[in-house]
Amino acid sequence: FVQLIANPVTRDGKIVGAVLLLMNETEKIQRENLRREFSANVSHELKTPLTSISGFAEIIQDGFVKEEDVKKFAGRIYREAQRLIQLVEDTIKISQLDEGENPYEWENVDIYSVARNVCGNLKEIAQKKNVHLYIDGERLICRTVRPIFEEILYNLCDNGIKYNKDNGTVTIHLKDIGNAIQISVEDNGIGIPREDRNRVFERFYRVDKSHSKEIGGTGLGLSIVKHGVAFLGGTLELTSEVDSGTEITVTLPKQA
Ligand code: ADP
């Protein structure tokens, strides 16, 4: 499915050349299908928390909730609303990356200091789960887009904490491999079953829905990672073992 558009270039009335535009129609159709599927998923994912919020508010309004339980119901409404906000924010991030939009600058980024920031931001969440965060490796400088890189690292570490066990660890490894750098996030948590390993990067895909529901999340974190890494010109690799842990490695060119 190749679409060919030709525009003759003329000089003094003579045709001296042509501008050819080759478009891969298959890719276009695939992108369109993905977009359609994404919109359908988003509507579905938005509807679930909205239905809960509306339902809880309605029974409070109708006086079906005892005075002492109102706070508990308000808590549920708050949590569902937070989930909605997260969903909307994640969706915006993905579509921006999809469109190749980048409101930020490319700059020389001290990767070690970003890793320290991410650990600082996740400290409380890690403490609550009794998971320990470590950084292992050298100071690296890379020409990249800081907020996008930070988001990638945050999502990977956040997952390392969420899908971990009591007293687990999450380690960020930083490595210089010549023209590129490698950042990997390793945890010793619950691991990802073989059949799900390729699918976890898909939008809204979550392993074991009932278990994941308890843990909380939108199913968009790794999709943002995938789009972000592609945007930065890098590659991704996942290794995992059920009950032993997961390691996700991002390789980024030093001069993208
Ligand atoms: P979310 O965490 O919001 O569900 P993600 O896109 O970040 O969404 O991850 C998709 C799914 O992959 C998660 O629901 C979880 O089942 C699985 N997963 C991701 N990271 C890990 C990890 N480090 N260890 C085990 N499972 C993971």
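What to note about this one:
- Condition met for Phe204 (more than 30 Å from Asp110 (Cα to Cα), surrounded by 14 or more Cβ atoms within 10 Å (Cβ to Cβ) and either within 7 Å of the ligand (Cβ to nearest atom) or touching a residue at least 40 places away in the same chain (Cβ under 8 Å) (or both)): yes
- Some residue of the stretch 107-115 being open to solvent by 20 Å² or more (accessible area, probe 1.4 Å), closer than 26 Å to Ser240 by Cβ and modelled with pLDDT of 95 or more: yes
- Lys72, sole failed condition from (1) at pLDDT below 95; (2) under 21 Å from Ile152 (Cα atoms); (3) open to solvent by 40 Å² or more (accessible area, probe 1.4 Å): (2)
- Qualifying residues in the stretch 224-250 (those that are touching a Gly at 6+ places or on another chain (Cβ under 8 Å) and open to solvent by 40 Å² or more (accessible area, probe 1.4 Å)) - the one modelled with the lowest pLDDT: Phe231
- Taken together, Gly221, Gly189 contain a single residue that is over 17 Å from Phe38 (Cβ atoms), buried (at least 20 other Cβ atoms within 10 Å of the Cβ) and not polar (S, T, N, Q), which is Gly189.
- Candidates are the residues of the stretch 208-222 that are out of contact with any helix residue (DSSP H, G or I) (no Cβ under 6 Å at 6 or more places or on another chain) and near the ligand (Cβ under 8 Å from one of its atoms); the one that is modelled with the highest pLDDT is Gly219.
- None of Gly168, Gly216 is open to solvent by less than 40 Å² (accessible area, probe 1.4 Å), at positive phi and out of contact with any Cys (no Cβ under 8 Å at 6 or more places or on another chain) except Gly216.
The values are calculated or read from the model by the stated rules, or taken from the named source; none is laboratory data. Bear in mind that the values here come from a model prediction, so they are computed numbers and not experimental data. Glycine also receives a Cβ, built like all others from the backbone with ideal geometry; neighbour counts cover every protein chain displayed. Quick note on the areas: whole protein, heavy atoms, side chains included, nothing else; ligands and nucleic acids left out. Shrake-Rupley method; radii C 1.70, N 1.55, O 1.52, S 1.80 Å.
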